[in-house]
Amino acid sequence: RKKVTINTLRKLYEQGKPITMMTAHDYPTGNWVEKSELDICLVGDSSAMVALGFDSTIPVTMDIMIHHASAVSRAAKTPFLVVDMPFGSYERRPQLGLENAIRLMKEANAEAVKLEGGIEQAGVIEEITQAGIPVMGHIGLTPQKHVMLGGFRVQGKTADKALQLMEDALALQEAGCMGMVLECIPAPIAEYITDQLSIPTIGIGSGSGCSGQVLVMMDTLGIYDKFVPKFCKQFGQLDAPAVEALRSYSDKVKERSFPSREFSYPMSEVEVERFLK
Ligand code: KIV
Ligand code: NA
């Protein structure tokens, strides 16, 4: 399969073909994205929750993102690689945002960075894109602002709020974004925003009217067991088989049936004799 570039994504968008995006946070999950021929691999700061066990994305640092993203990049070579900018690494500080975006390119092999927020982040986005780094926006439910938003909940349910989202989307496009994630926005609004833009929207919990879709892998595979968002279909149930396999290993060791002969290294009788003498 050919490397997915920003041109590939542009072509999919222009042809009206859905863009597929999936998160990964380490080498094996990056490898699964590579093997399943997805278009975009996102190293999301959701790894704070699904890979590190934090309650939110707030504690994640640049160093943590680079740790995860560089591992993913060693496996997911074909998909377009987008890496999240963590909380505190860019907000309304164009110079800081640019420096950190550059770090994600140099130290984590990012091909684009993603950051959360609307019109108030236009300055940062301009600074980064003008340095030649593609930026993906992210509006609607922006988990880094869950405190201000009063929780992880759907956004833009009133006409006024929806209008603000439309203005944010246009501002992100104007600032130079290559596309944007629409998270937990009512389906009719996400579809309307998508129709008004000339760059792709990637939906999560925002209906089928977006240019593409993204989900968090640990939710998609049924591995993260703290909660499952309403919008997330579990396309697999991998937690149970993993636990089953590990229990089976434990049982076999306890009953001394593992490792059997086939999993051990033999030695010739002659050498064993010599050794025992
Ligand atoms: O961090 C993440 O996984 C994300 C996606 C949910 C879009 O930002
Ligand atoms: Na994120």
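Taking the range 222-277, how much of its Cα-Cα pair set, in percent, is spaced more than 18 angstrom apart?
Considering the range 222-277, 62 percent of its Cα-Cα pairs are separated by more than 18 Å.
Given the chain, what percent of its DSSP beta bridges are antiparallel, to the nearest 5?
In the chain, DSSP labels about 5 percent of beta bridges as antiparallel.
Report the local net charge at I133: Lys and Arg +1, Asp and Glu -1, summed over other residues whose C-beta lies under 13 Å from its C-beta.
It works out to a net charge of -1.
May I ask you to evaluate 6.51 cos²θ - 1.76 cosθ + 1.60, the Karplus curve with θ = phi - 60°, for each residue of the range 164-181 and list the ³J(HN,Hα) values in order in whole Hz, giving x for glycine and proline?
4, 5, 4, 5, 4, 4, 5, 5, 5, 4, 4, 6, x, 4, 7, x, 7, 7
Could you put H138, H146 in order of accessible surface area, largest first, with the 1.4 Å probe and the full protein assembly present?
From most exposed to least exposed: H146, H138.
With every protein chain in place, what's the accessible area of E127 (1.4 Å probe, Å², nearest 10)?
Accessible surface of E127 is approximately 70 Å².
Mind checking which lysines have their C-alpha under 25 Å from K2, skipping anything on the same chain fewer than 8 residues away?
K11, K17, K35, K77, K106, K114
Got a sec to turn the phi values of the range 28-36 into Karplus ³J(HN,Hα) couplings, 6.51 cos²θ - 1.76 cosθ + 1.60 with θ = phi - 60°, whole Hz, x for Gly and Pro?
Listing the rounded values in order: x, 5, x, 5, 5, 5, 4, 6, 8 Hz.
Select from G236, F152, L170 the residue farthest towards the positive end of the dipole of the chain; place +1 on Cβ of Lys and Arg, -1 on Cβ of Asp and Glu, and compute about the Cα centre.
About the Cα centre, the residue reaching furthest to the positive side is G236.
Name the residue, out of F263, F227, F152, whose mean-square fluctuation peaks in a Gaussian network model built on the chain with Cα pairs under 10 Å.
F263
For the range 117-125, take each phi angle, set θ = phi - 60°, evaluate the Karplus expression 6.51 cos²θ - 1.76 cosθ + 1.60, and give the result in whole Hz per residue in order, putting x for glycine and proline.
In residue order, the calculated couplings are x, x, 3, 5, 9, 4, x, 5, 4 Hz.
Go through Y249, Y265 and list them by solvent-accessible area, largest first, probe radius 1.4 Å.
Final ranking, largest accessible area leading: Y265, Y249.
Considering all projection directions equally, how large on average is the shadow of the alpha-carbon convex hull of the chain, in square nanometres?
Directional mean of the projected Cα hull area for the chain stands at 19.2 nm².
Ordering F235, F87, F80 by how much accessible area each has at a 1.4 Å probe, largest first, what is the list?
F235, F87, F80
Could you pull out every residue, at least 5 positions away or on a different chain, whose amide H is within less than 5 Å of the one on Y224? Hs are placed 1.01 Å off N in the peptide plane, and Pro or chain starts have none.
Distant-sequence amide H within range of Y224: D219.
Only Lys, Arg, Asp and Glu count, each charged at its Cβ (+1, +1, -1, -1), so figure out the dipole size of the chain about its Cα centre, rounded to 20 debye.
That gives a dipole near 580 debye.
How far is the Cα center of the range 1-77 from the Cα center of the range 230-247, in Å?
Using only Cα atoms, the two centres lie 20 Å from each other.
Can you give the three extents of the C-alpha atoms in the range 70-149 along their principal axes, from longest to shortest, in whole Å?
36, 25, 17
Amide H to amide H, which residues 5 or more places from N109 or on other chains are under 5 Å from it, using H placed in the peptide plane?
When sequence neighbours closer than 5 places are left aside, there are no close amide H contacts.
Using a 1.4 Å probe and ignoring any ligands, DNA or RNA, find the accessible area of E255 and quote it in Å² to the nearest 10.
110
Against the globular-protein guess of 2.2 N^0.38 Å, express the Cα radius of gyration of the range 125-270 as a ratio, rounded to two decimals.
For the range 125-270, the normalised Cα radius of gyration comes out at 1.63.
I'd like the accessible area for D63: 1.4 Å probe, protein heavy atoms, all chains in place, Å² to the nearest 10.
Around 100 Å² of this residue is reachable by solvent.
Using the Cα centre of the range 1-79 as origin and beta-carbon charges of +1 (Lys, Arg) and -1 (Asp, Glu), tell me which of T61, A24, C41 is placed farthest towards the positive end of the dipole.
About the Cα centre, the residue reaching furthest to the positive side is C41.
The values are calculated or read from the model by the stated rules, or taken from the named source; none is laboratory data. What you are looking at is a predicted structure, and each value in this text was computed from that prediction instead of being measured. For neighbour counting, all protein chains shown are included, and Cβ atoms are generated from backbone atoms with ideal geometry for every residue, glycine included. These accessible areas exclude ligands, DNA and RNA; they are computed on the full protein's heavy atoms, side chains included. Shrake-Rupley method; radii C 1.70, N 1.55, O 1.52, S 1.80 Å.
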